[in-house]
Amino acid sequence: MEYSHEVQHMCVVKQGPNHGSAPIPEEGRWVKAKEVKDISGLTHGVGWCAPQQGACKLTLNVKEGIIQESLIETIGCSGMTHSAAMAAEALVGKTILEALNTDLVCDAINVAMRELFLQIVYGRTQSAFSEGGLPIGAGLEDLGKGLRSQVGTMFSTLDKGVRYLEMAEGYINRVALDKEGEVIGYEFIHLGKMMDAVKKGTDANEALKKATGTYGRFAEAAKYIDPRHE
């Protein structure tokens, strides 16, 4: 280690009290983190690309510094979905420090990793006060049955009004309007449940019927519209 000329000629002043790093909450424990392997926790975060065309929600489950589980959800950019496929393979098995310095292919995923790194190393995880943390696979619980991301997609124009396209319940098939032309409900198709049924051998039309539901005062509508074509 090289010291400058000025430092070499300084006198020694001994260090006083040194209490080490402040403890952070991790999976029901208070930990003084000194090395990467001291870090554990599950958390979520979001990232965005430079042109802000798309966004990524990233979920990581870290045990003793190693990423054991990752869930990558992207929206708004077609190329980002392929980036997520590569990043999902690249993340697991790495330390959080390695992952922070790994090219995760897409700006939005890289930014999400940066935000998660900050949360994890500062003890700001969703599992900070959960004894033992959460099991590997806990990230999938956010997706629910059918393992589909929770997506809200709405479009509107001043001239024609709002169009509901997708909600947490699923793909919006029809929107219900009252006699004044205002939205009072909608019919949705839970695509995850439908595809699960089809894969098990259920006729597609029957699976579609079973996966279809309504919300609001759908049955009282004066008019129904297809939000994608009307």
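The values are calculated or read from the model by the stated rules, or taken from the named source; none is laboratory data. No experiment lies behind these values; they were computed from the predicted model shown. FYI the Cβ positions are ideal-geometry reconstructions off the backbone, even for glycines, and counts take in every protein chain you see.
Quick look at the values:
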quantity	calculated
Meets criteria (of a type in the set (A, V, I, L, M), buried (at least 17 other Cβ atoms within 10 Å of the Cβ) and either at negative phi or free of Cβ contacts under 8 Å to residues at least 60 places away in the same chain (or both)) for LEU158	no
Residues of region 73-99 that turn out to be outside any helix (DSSP H, G or I) and touching a residue at least 40 places away in the same chain (Cβ under 8 Å), as a count	3
Condition broken by SER156, with the remaining ones in (1) within 30 Å of GLY28 (Cα to Cα); (2) among the hydroxyl-bearing types (Ser, Thr, Tyr); (3) over 14 Å from the mean Cα position of the chain (by Cα) satisfied	(1)
Qualifying residue in region 54-64 (condition: surrounded by 14 or more Cβ atoms within 10 Å (Cβ to Cβ), over 30 Å from PHE155 (Cβ atoms), of a type in the set (Asp, Glu) and free of Cβ contacts under 8 Å to residues at least 40 places away in the same chain)	no
Residue, surrounded by the most Cβ atoms within 10 Å (Cβ to Cβ), within region 119-131, restricted to residues that are part of a loop (DSSP other than H, G, I, E, B) and hydrophobic (A, V, I, L, M, F, W, C)	ALA128
Selected residue (criterion: farthest from GLU180 (Cα to Cα)) from residues of region 146-168 that are assigned by TED's automatic domain parsing to the domain that holds TYR186 and of a type in the set (D, E, K, R)	GLU166
Residue among ARG217, ARG174, ARG163 that alone is touching a Ser or Thr at 6+ places or on another chain (Cβ under 8 Å), over 30 Å from GLN68 (Cβ atoms) and at pLDDT 95 or above	ARG163
Members of region 17-51 that are touching a residue at least 60 places away in the same chain (Cβ under 8 Å) and among the acidic types (Asp, Glu)	GLU26, GLU27
Failed criterion for LEU116 (all others in (1) over 10 Å from LEU58 (Cα atoms); (2) part of a helix (DSSP H, G or I); (3) not basic (Lys, Arg) hold)	(1)
Residue in region 54-61 that is over 22 Å from PHE129 (Cβ atoms), at pLDDT 95 or above, under 13 Å from the mean Cα position of the chain (by Cα) and of a type in the set (Ser, Thr, Tyr) present	no
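Matching residues to (1) among the hydrophobic types (A, V, I, L, M, F, W, C); (2) over 18 Å from LYS145 (Cα atoms); (3) surrounded by 18 or more Cβ atoms within 10 Å (Cβ to Cβ); (4) out of contact with any strand residue (DSSP E or B) (no Cβ under 9 Å at 6 or more places or on another chain):
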position	(1), (2), (3), (4)
LYS179	no, yes, no, no
GLU187	no, yes, yes, no
MET194	yes, no, yes, no
ALA211	yes, no, yes, no
ALA219	yes, yes, no, no
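Condition check ((1) surrounded by 13 or more Cβ atoms within 10 Å (Cβ to Cβ); (2) modelled with pLDDT of 95 or more; (3) within 19 Å of GLN150 (Cα to Cα)) across all residues:
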| site | (1), (2), (3) |
| --- | --- |
| MET1 | no, no, no |
| SER4 | no, yes, no |
| ILE66 | yes, yes, no |
| LEU91 | yes, yes, no |
| LEU97 | yes, yes, no |
| ILE109 | yes, yes, yes |
